[in-house]
Amino acid sequence: MRRRLAPYALILPGGLWLAIFFVVPMVVMLSFSLMQGDVVNGFRLTWHWQNYSEGLSTYDSQLIRSLIYGVLATVACIVLAYPVAYWIAFRGGARKTTYLFLILLPFFVSFVLRTFSWKFLLADDGIVLSPLKDIGLLPQDFHVIATGFAVVAGLTYNYLPFMVLPIYVALERVDPKLIEAAQDLYAAPTQAFLRVVFPLSLPGVFAGVLMTFVPVSADYVNSTVLGGTNNTMIGNIIQNLYLVNTDYPQAAALSFTLMAILLIGIFLYAKALGTEDVLEVATR
Amino acid sequence: MTQTEEADSAIGTELAAIELKGIVKTFHSHGDAVAAVKGVDVTIGEGEFFSLLGPSGCGKTTTMRMIAGFDEPTEGDVFLHGKNVVGVPPNKRDVNMVFQSYALFPHMSVLENVAFGLRRKGVAKDEAARRAGEMLEIVDLKGREKRRPRELSGGQQQRVALARALVNRPSALLLDEPLGALDLKLRQAMQVELKRIQREVGITFVYVTHDQNEALTMSDRIAVMNDGRIEQLGSPREIYERPASRFVAGFIGTSNVLSGTVSRTGSGKAIVEPGPGERIMVSHEAVPGDEIELTVRPEKIDVRSDPPDGDGCALRGTVNEVVYLGMFTNYNVTTSTGAEVVVFVQNVSSADDVATRGDSVWLSWDPRHSYVIGA
Ligand SMILES: Nc1ncnc2c1ncn2[C@@H]1O[C@H](COP(=O)(O)OP(=O)(O)OP(=O)(O)O)[C@@H](O)[C@H]1O
Ligand SMILES: [Mg+2]
């Protein structure tokens, strides 16, 4: 009997932690999303579903922009992270840990601070653009800051390590003998990569996408610092509704809308990729 | 390297399947140069079952990897059917490898694994699947086509690995300790199986092993390697009965090494006479006074209590130990010269032991069974 209870006892601390700091706030937020009122007079639960429909119709462009930026930054992360992860996994030799540490190094500096340094670097008269403008390589009115490009670039930069690490882990687990076996069986190097290495690394890509796409789509720091006024993402709206307008119901409704969209998106993505296959490879 | 004439003639006149000429491989790691292979010359004939036998670290895998193309020789040339393939990548070499760890693709079914090579060579999907299915039948895995490798037992995975290589009908199959991961029973069954398959498909097999019994039972010829070189090349019988060096004698089975000073010679024989009535004879060109070392296998020696008649080899000794082994009785005898000699006596009758511990005995054998080492 005691033996049967042991596993439950082990998950108890973590389970409680999740219950208190995740489930409870979720329920509270869910009920907020269906309330009406304001901070001064208090909020009342009136099952006001219009919070959702109003949120969707008022902020549809920011929602769509968030998803587009999310997809763009995630794709950019894959494209940039894959070769890095591949190189560390197969060519890193004895220095693998050093390279991984370098990948994680930016985390030792505050996320916000790093994003501000981008703003400083890429400012219209900053140290990158002004020399280029001076020598006439770029037109005087050229700017990077306050563009969608700057936001996506910032997002890509900030979340890159979250893509590198899971892909690295997946590649690291690929037995080099499998690559040799593929080559021995007449596969040219590109074929060996496409037919053996890449499929075996998909669980890592899958995990990396989850770890970047979700936070990227909900990010507000990059668009605040790098995006100016025309590139607001849904994260900025939610943040403003909470902290500036104190319109908690609307903010909560938008948060849940975003969450629902992301969950559906991930579900479709997993379906398309064939999670069963992905998980099967992951647990081989 | 010692290469006997019989071994040379086994090659025949047709183009050799594999020819290694002066192969040297030096690895550089952490600033040190490691000489893994120090000059190997070998010619392997078409359809031959050729084994590379030697202790761990002697360079067997490295030699094989140079044939497959995973490593390039530091010096020397590799010829496949007369064509120098140095610099040709593995995917363009018409040989296939069976890895010790099998290296099956975990994300593919058994059938996809076996069809992989054919597909890369441009064989249409249906045709590749058909041929892969046929090959799976040969290795007795019909009905397992849709399984994933990890859903198979070790022996079954081994056969998938074999099928995956054989289906391509390579000009040679390279097997690096393919049975190393199997238990003894399965290993022996697979040895028989491998030999049957090799006869059936008629493809040249280059077989790496450090198990001498495996090499002796399966091979047409064996190259015994030691420290990056080939010590001896020959048929299993030659290697077993006429070891060319002390190393080979010690590595293959149990062997007795005797040494002495030649006292007389005559009609191509050297004779050592350690004591009265004792003589060791061996076919060898020598002059009196030469020091020689010779071997004789344990099962060739007789143990008896009185001096043998006739003019065979005879040595006196004292029995140290008698071990009954069922089919054989194993005698450990210290000779008058101080050498330790092992004798296997077949238990033909149920009579008592020929001798017991502490007995004085005579050892005798036919001179044709002693061979001078390094002759
Ligand atoms: N890539 C490498 N870098 C450095 N040294 C190597 C490398 N590969 C092999 N060696 C060295 O070369 C020698 C021969 O190795 P090899 O793998 O050919 O031995 P082997 O005969 O196959 O041994 P085993 O029976 O243990 O498999 C060993 O001393 C080994 O340490
Ligand atoms: Mg080896």
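The values are calculated or read from the model by the stated rules, or taken from the named source; none is laboratory data. It should be emphasised that the depicted structure is a prediction, and the values quoted were computed from it without experimental measurement. Cβ placement follows ideal geometry from the backbone for every residue including glycine, while neighbour counts extend to all protein chains displayed. Heads up: the accessible areas ignore ligands, DNA and RNA and are worked out on the full protein's heavy atoms, side chains in. Shrake-Rupley method; radii C 1.70, N 1.55, O 1.52, S 1.80 Å.
Considering only residues that are under 16 Å from B:Phe105 (Cβ atoms) and either away from chain A (no Cβ under 12 Å) or among the β-branched types (Val, Ile, Thr) (or both), which ones fall in segment B:115-131? Let's see the steps before the verdict.
Filtering segment B:115-131 for residues under 16 Å from B:Phe105 (Cβ atoms) gives B:115-120, B:128-129.
If the condition is that a residue be under 16 Å from B:Phe105 (Cβ atoms) and either away from chain A (no Cβ under 12 Å) or among the β-branched types (Val, Ile, Thr) (or both), then B:Ala129 is the only one that fits.
Given the criteria open to solvent by 10 Å² or more (accessible area, probe 1.4 Å), more than 15 Å from ligand 2 (Cβ to nearest atom) and within 12 Å of chain A (Cβ to nearest Cβ), does B:Pro89 qualify? Let's see the steps before the verdict.
Numbers: open to solvent by 10 Å² or more (accessible area, probe 1.4 Å): yes; more than 15 Å from ligand 2 (Cβ to nearest atom): yes; within 12 Å of chain A (Cβ to nearest Cβ): yes.
So B:Pro89 passes the test.
Residues that are charged (D, E, K, R) and modelled with pLDDT of 90 or more: does segment A:2-24 have at least one? Before you say what the answer is, go through the steps one by one.
Within segment A:2-24, the subset charged (D, E, K, R) is A:2-4.
Then keep just the ones that are modelled with pLDDT of 90 or more; that gives none.
Checked against the condition, which is being charged (D, E, K, R) and modelled with pLDDT of 90 or more, segment A:2-24 yields no hits at all.
Out of segment B:310-335, which residues are surrounded by 15 or more Cβ atoms within 10 Å (Cβ to Cβ) and aromatic (Phe, Trp, Tyr)?
Once the filter is applied, which keeps residues that are surrounded by 15 or more Cβ atoms within 10 Å (Cβ to Cβ) and aromatic (Phe, Trp, Tyr), segment B:310-335 yields B:Phe328, B:Tyr331.
Looking at (1) free of Cβ contacts under 8 Å to residues at least 60 places away in the same chain; (2) in contact with a helix residue (DSSP H, G or I) (Cβ under 9 Å, 6 or more places away or on another chain); (3) outside any helix (DSSP H, G or I), which is the one condition that is false for A:Gly136?
With respect to (1) free of Cβ contacts under 8 Å to residues at least 60 places away in the same chain; (2) in contact with a helix residue (DSSP H, G or I) (Cβ under 9 Å, 6 or more places away or on another chain); (3) outside any helix (DSSP H, G or I), A:Gly136 is out only on (2).
Filter segment A:178-190 for residues that are buried (at least 17 other Cβ atoms within 10 Å of the Cβ) and assigned to a helix (DSSP H, G or I) and give the result.
Pass one, segment A:178-190, residues buried (at least 17 other Cβ atoms within 10 Å of the Cβ): A:178-187.
The answer is A:Leu178, A:Ile179, A:Glu180, A:Ala181, A:Ala182, A:Gln183, A:Asp184.
Since B:Met97 meets every condition but one in (1) touching a residue at least 24 places away in the same chain (Cβ under 8 Å); (2) within 14 Å of chain A (Cβ to nearest Cβ); (3) in a loop (DSSP other than H, G, I, E, B); (4) open to solvent by less than 60 Å² (accessible area, probe 1.4 Å), which condition does it not meet?
Result: B:Met97 passes all but (3).
Within segment A:166-177, count every residue that is within 14 Å of chain B (Cβ to nearest Cβ), open to solvent by 40 Å² or more (accessible area, probe 1.4 Å) and touching a residue at least 40 places away in the same chain (Cβ under 8 Å).
Qualifying residue count, segment A:166-177: 1.
Select from segment B:28-71 the residues that are within 14 Å of another protein chain (Cβ to nearest Cβ) and farther than 22 Å from B:Pro178 by Cα and write down the one among them that is nearest to ligand 2 (Cβ to nearest atom).
Result: B:Ser29.
Output yes when any residue across segment B:312-331 is in contact with a helix residue (DSSP H, G or I) (Cβ under 9 Å, 6 or more places away or on another chain) and in contact (Cβ under 8 Å) with a residue 60 or more places away in the chain, and no when none is.
no
Pick from A:Leu113, A:Leu72, A:Leu67, A:Leu18: which is over 30 Å from A:Pro176 (Cβ atoms) and open to solvent by less than 70 Å² (accessible area, probe 1.4 Å)? If you could, list the steps in order and put the result at the bottom.
Details: A:Leu113 fails: open to solvent by less than 70 Å² (accessible area, probe 1.4 Å); A:Leu72 fails: open to solvent by less than 70 Å² (accessible area, probe 1.4 Å); A:Leu18 fails: open to solvent by less than 70 Å² (accessible area, probe 1.4 Å).
Going through A:Leu113, A:Leu72, A:Leu67, A:Leu18 in turn, the sole match is A:Leu67.
Counting only residues that are more than 12 Å from every other protein chain (Cβ to nearest Cβ) and within 13 Å of B:Ile138 (Cα to Cα), which one in segment B:149-162 is farthest from ligand 2 (Cβ to nearest atom)? If you could, list the steps in order and put the result at the bottom.
First pass over segment B:149-162, keeping only residues more than 12 Å from every other protein chain (Cβ to nearest Cβ): B:152-159, B:162.
The next check asks that each one be within 13 Å of B:Ile138 (Cα to Cα); those that pass are B:156, B:159, B:162.
Numbers: B:Gln156: 23, B:Arg159: 21, B:Leu162: 18 Å.
Per the criteria, the residue is B:Gln156.
Considering segment B:216-247 alone, what residues qualify as being among the aromatic types (Phe, Trp, Tyr) and closer than 19 Å to B:Glu299 by Cα?
Keep residues of segment B:216-247 that are among the aromatic types (Phe, Trp, Tyr), which gives B:240, B:247.
Of everything in segment B:216-247, just one residue is among the aromatic types (Phe, Trp, Tyr) and closer than 19 Å to B:Glu299 by Cα, namely B:Tyr240.
How many residues are under 27 Å from A:Phe32 (Cα atoms) and assigned to a loop (DSSP other than H, G, I, E, B) if we restrict to segment A:202-257?
Here the count works out to 8.
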